[in-house]
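Remarks on the structure that follows.
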Amino acid sequence: MLDPVIASRAQFALTTIVHIIFPVMSMGLAPFLIYFTWKDIRSGDPVYEQLRRFWTKIFAVSFVVGTVTGIVLEFEFGTNFAAFSTAAGELFGGPLATEGMMAFMLEATFLGVFVFGREKVSDALYMVSAVAVGLGTWLSAVWILVANSWMQTPRGYELASESGQLVVSLVDPIAAYANPRFPWMFVHMQNAAVLSVALFMAGVASYIVWRRGIDADSDGQDARFWRKTLKIALVVLLVTAPFQVVHGDAYGRHVAETQPQKFAAMEAVWETDSYVPEYIIALPTDLSQITDPRAKELFGIGIPGGASWLASGGDPQAEITGLNEFETEAPPVAIVFWSFRLMVAAGFWFVVLAFWAAYRWWTGELYDDDLLHKAFVGSSLLGIFAVEVGWIVTEVGRQPWVIQGVMKTSDGVSPGLTGLEATITLVGFGLVYTGLLTLYAYIVRRIIREGPPEVDGGGPTASPTPTEVTADD
Amino acid sequence: MTDYGTLATDPIFGLPLQELWFGLVFFIFAMFLFLDGFDFGVGALFATREDEAERETLLAAIGPFWDGNEVWLVVFGGALFAAFPAVYANLFSRHYLLMFAILGALILRGLAPEMYEQRHDKAWQTWWGRSFVVGSVTAPFFLGVFAAHWLLGVETLVSLPGVVVGLAVVALTVVAGVGFLGLKTRGTLRADLVAYGPKAVAAYLALVVVTLGYLVAVRPDLGVLAPIPLALVALSLVAAGGYVVALREGRFTLAFATVPVLVFAFVALVAVLMFPMADPAVGLTVSDAIISMLPLNIMSIASALLLPLVFAYFGILYSSFSGPVETGESYS
């Protein structure tokens, strides 16, 4: 049997890593769906009805899986991290309850109207439902990130001890919830979600364009649909990809100021130093050092002064506090170090991809460059991958703290939890979530293979009876 | 630091906020059990249907609603966490495997209809149809076990009262499912389904009465024979009678209207018997477990503003899809 602390941490990591895929899809798709619905209602151009209906199917299935995996996370604070929940409940529970009432309710009720109600409600109410669903997904992120960012940069609280138990009480809600990390996190996450979905759309559209040989002159509703999808995705990519890199650079500086231990782990800096290079890769001398990329360095490529420059916003001489200076143990350095590099590399690659495609569009060869299409296909899921490794930097990098500087994660685990119980559910989630991901991938693949629905060329009210589920394998 | 004045020291408008929040948490649980309850009931009744068109009708009846209905469980968890964090933490960690059994059942119930609609071959639909039924029946069963164990402070995984209350809640969801489908279906399908209503409500009442009799004998400290619990039982009997008569006379709106009465009476019974305890197993009272005044005031204001909006959303949703299910209703 596993130790309940280890098993709880592993289970929370697993269930979060799986869950975050679905909010990324729904939050990222939301602005696209609002736009498609608006254009569908206003222009009556059938391609927008197709876009709305096709991407709504993927949104709906993402939402369902997101709901069932999201409840798990909420419950896990009570089941697995009871000591944390008891101690910090009055700071942490409030945002979660508010998320449910303000955001999730809005999203889940109007989703019923949005998915099933095109024929049932007026154009105006239908448009309202699209906006409400989108707003709901984004408000959800607000409250979840308020809760999470408070754990990273806690403010507005007082510590007390009641019969030996730590109690964190809320004394200044404005300071607590408008904490310094929140705006950084929210902007970075929402832009990442839109960017990830733009990459996914571009990847799917590129695949079809490439495999079917669609070009600028191909006839038919389908060809037009996929060209439109690719172009819209590309426009969004051109805005979000460079923005993410610029924003990430400033965000890194904020982390260096507010969570120096995390920043030191991101750069694997053990001894306080100035003029610290930004290592692009670093390899240890032997495998026993694999958990620590720069402990006994065999080989490394670094930009001189790069990490110092990043931490200070332009000063290559700046000092970075090393991990050895902190009283607490360091987080698992290799995970943080490499996740950070993978995220940054992905971010730069998205910029390259965006400019490459924009150049092809400009030269009129967007549908002819198969290498570009293959690059997009290969990058379809890289946005989500970058979100995952980015969150690993955030969450692993703040260890050993569950609340930075206040409570350690190992002290937050439920005291009565047995190794047997925790192992049973960990293994259970391993199996169930593997199945869940497989089924999700299967459904999304089927929706893509089915392609966009055929629609009449007429106005917004001319959509056919929606029973377009095809005959079967 | 911002000065929050009396917000940090006194309850707003001098309201008894602790008791109100205790009531609100159970109110939210009752909303969940009422709304998602009829979804669960539809899932159980799904097992009785062989005909493909009838099965599709049942799925279409809850299609636009179930996701929103399930959010009441999320809000229940959030409200309990926000107002009584120690109860949330103790209760959920003590019933560790049970909580994950509830989650597993909900995952199955949520996923199954989505999968069922994906492919129309026999083996696939048989599998996902069964999964839908299993998820829809086990979720309320485990929720009933949870409610019983919470109230009675049971710490073991299985207990006799837990099983009996679990079955009672399953029966209650079938009552709700029949009530809902009375509005959503027509013709022979409705006639077939309605026949399950009186049986389900009789089973529900029998299981509740058995449980209460057991509690009178074994747990006199709970005060089952006090006026309010007895009034709730009487209310349930009247509502159940009304439900049976209304179904028989074909007054389906009235029959459905008795469902929330039954559900709210059941949840109120649990809450009334529990009060003033909030977590009887560890002897935690409502006033022990409540959060401090400032966040309590803030959460009260937030809920007072947001919950009316939530009711408006549900009003829009249900009025958009009022009336019987139309065949072929699917993704727009």
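The values are calculated or read from the model by the stated rules, or taken from the named source; none is laboratory data. Since the model is a prediction, treat every value here as computed from it, not as a measurement. Ideal geometry is used to build each Cβ from the backbone, glycine not excepted, and the neighbour counts take in all protein chains shown.
Summary table below
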{"quantity": "Hits in region A:63-95 (condition: of a type in the set (S, T, Y) and either under 20 Å from A:V168 (Cβ atoms) or at pLDDT 95 or above (or both))", "calculated": "A:T79, A:S85, A:T86"}
{"quantity": "Residue under evaluation A:D222, criteria (1) buried (at least 19 other Cβ atoms within 10 Å of the Cβ); (2) in a helix (DSSP H, G or I), criterion not met", "calculated": "(1)"}
{"quantity": "Boolean, B:L309 is within 14 Å of chain A (Cβ to nearest Cβ), in a helix (DSSP H, G or I), at pLDDT 95 or above and within 30 Å of A:R118 (Cα to Cα)", "calculated": "yes"}
{"quantity": "A:E76, sole failed condition from (1) part of a helix (DSSP H, G or I); (2) of a type outside the set (S, T, N, Q); (3) in contact with a Phe, Trp or Tyr (Cβ under 7 Å, 6 or more places away or on another chain); (4) over 14 Å from B:Y88 (Cα atoms)", "calculated": "(4)"}
{"quantity": "Hits in region A:260-292 - residues which are under 26 Å from the mean Cα position of the chain (by Cα) and at pLDDT below 75", "calculated": "A:T291"}
{"quantity": "Residue within region B:267-285 that is among the aromatic types (F, W, Y) and part of a helix (DSSP H, G or I) present", "calculated": "no"}
{"quantity": "Any chance A:T69 is within 30 Å of A:G419 (Cβ to Cβ), within 7 Å of chain B (Cβ to nearest Cβ), polar (S, T, N, Q) and surrounded by 24 or more Cβ atoms within 10 Å (Cβ to Cβ)", "calculated": "no"}
{"quantity": "Any hit, region A:214-227, residues being out of contact with any Leu (no Cβ under 9 Å at 6 or more places or on another chain) and at positive phi", "calculated": "yes"}
{"quantity": "Selection within region A:181-217 - farther than 30 Å from A:Y251 by Cα and either assigned to a helix (DSSP H, G or I) or without any contact (Cβ under 8 Å) to a residue 24 or more places away in the chain (or both)", "calculated": "A:V204, A:A205, A:S206, A:Y207, A:I208, A:V209, A:W210, A:R211, A:R212, A:G213, A:D217"}
{"quantity": "Single residue of A:A357, A:A386, A:A318, A:A422 found to be over 25 Å from the mean Cα position of the chain (by Cα) and crowded, with 22+ Cβ neighbours inside 10 Å", "calculated": "A:A422"}
{"quantity": "Meets criteria (surrounded by fewer than 22 Cβ atoms within 10 Å (Cβ to Cβ) and either within 13 Å of chain B (Cβ to nearest Cβ) or on the phi > 0 side of the Ramachandran plot (or both)) for A:V18", "calculated": "yes"}
{"quantity": "Residue check, B:T258 among the polar types (S, T, N, Q), crowded, with 18+ Cβ neighbours inside 10 Å, modelled with pLDDT of 95 or more and within 24 Å of the chain's Cα centre (by Cα)", "calculated": "yes"}
{"quantity": "Residues (among the β-branched types (V, I, T) and either modelled with pLDDT under 95 or surrounded by fewer than 22 Cβ atoms within 10 Å (Cβ to Cβ) (or both)) located in region A:160-203", "calculated": "A:V167, A:V168, A:V171, A:I174, A:V187"}
{"quantity": "Residue pairs meeting the criteria (Cβ under 7 Å; at least 6 apart or on separate chains; first modelled with pLDDT under 95, in region B:266-288; second of a type in the set (D, E, K, R))", "calculated": "B:A281/B:R94; B:A281/B:E155"}
{"quantity": "In region B:63-99, residue farthest from the other protein chains (Cβ to nearest Cβ) [restricted to those that are surrounded by fewer than 24 Cβ atoms within 10 Å (Cβ to Cβ), touching a Phe, Trp or Tyr at 6+ places or on another chain (Cβ under 8 Å) and more than 18 Å from B:L33 (Cβ to Cβ)]", "calculated": "B:G63"}
{"quantity": "Test: A:V413 is hydrophobic (A, V, I, L, M, F, W, C), crowded, with 21+ Cβ neighbours inside 10 Å and out of contact with any Phe, Trp or Tyr (no Cβ under 9 Å at 6 or more places or on another chain)", "calculated": "no"}
{"quantity": "Pick from region A:111-143, criterion outside any helix (DSSP H, G or I) and of a type in the set (D, E, K, R), ranking: surrounded by the fewest Cβ atoms within 10 Å (Cβ to Cβ)", "calculated": "A:E119"}
{"quantity": "Subset tally (residues that are out of contact with any strand residue (DSSP E or B) (no Cβ under 8 Å at 6 or more places or on another chain) and more than 11 Å from every other protein chain (Cβ to nearest Cβ)) for region A:151-166", "calculated": "4"}
{"quantity": "Criterion violated by B:T188 - all others in (1) surrounded by fewer than 17 Cβ atoms within 10 Å (Cβ to Cβ); (2) closer than 22 Å to B:V42 by Cβ; (3) modelled with pLDDT of 95 or more satisfied", "calculated": "(3)"}
{"quantity": "Those residues of region B:112-125 which are in contact (Cβ under 8 Å) with a residue 12 or more places away in the chain and aromatic (F, W, Y), in sequence order", "calculated": "B:Y116"}
{"quantity": "Search result, residues across region A:76-128 that are of a type in the set (S, T, Y) and either at the interface with chain B (Cβ under 8 Å from one of its Cβ atoms) or under 25 Å from A:V146 (Cβ atoms) (or both)", "calculated": "A:T79, A:S85, A:T86, A:T98, A:T109"}
{"quantity": "Region B:126-147, subset without any contact (Cβ under 8 Å) to a residue 60 or more places away in the chain and either over 21 Å from B:I107 (Cβ atoms) or of a type in the set (S, T, N, Q) (or both), residue surrounded by the most Cβ atoms within 10 Å (Cβ to Cβ)", "calculated": "B:T138"}
{"quantity": "Near pairs, Cβ below 8 angstrom, 6+ apart or cross-chain, from region A:429-448 (within 8 Å of chain B (Cβ to nearest Cβ) and farther than 18 Å from A:V72 by Cα) to any residue that is among the β-branched types (V, I, T) and part of a helix (DSSP H, G or I)", "calculated": "A:I443/A:V61"}
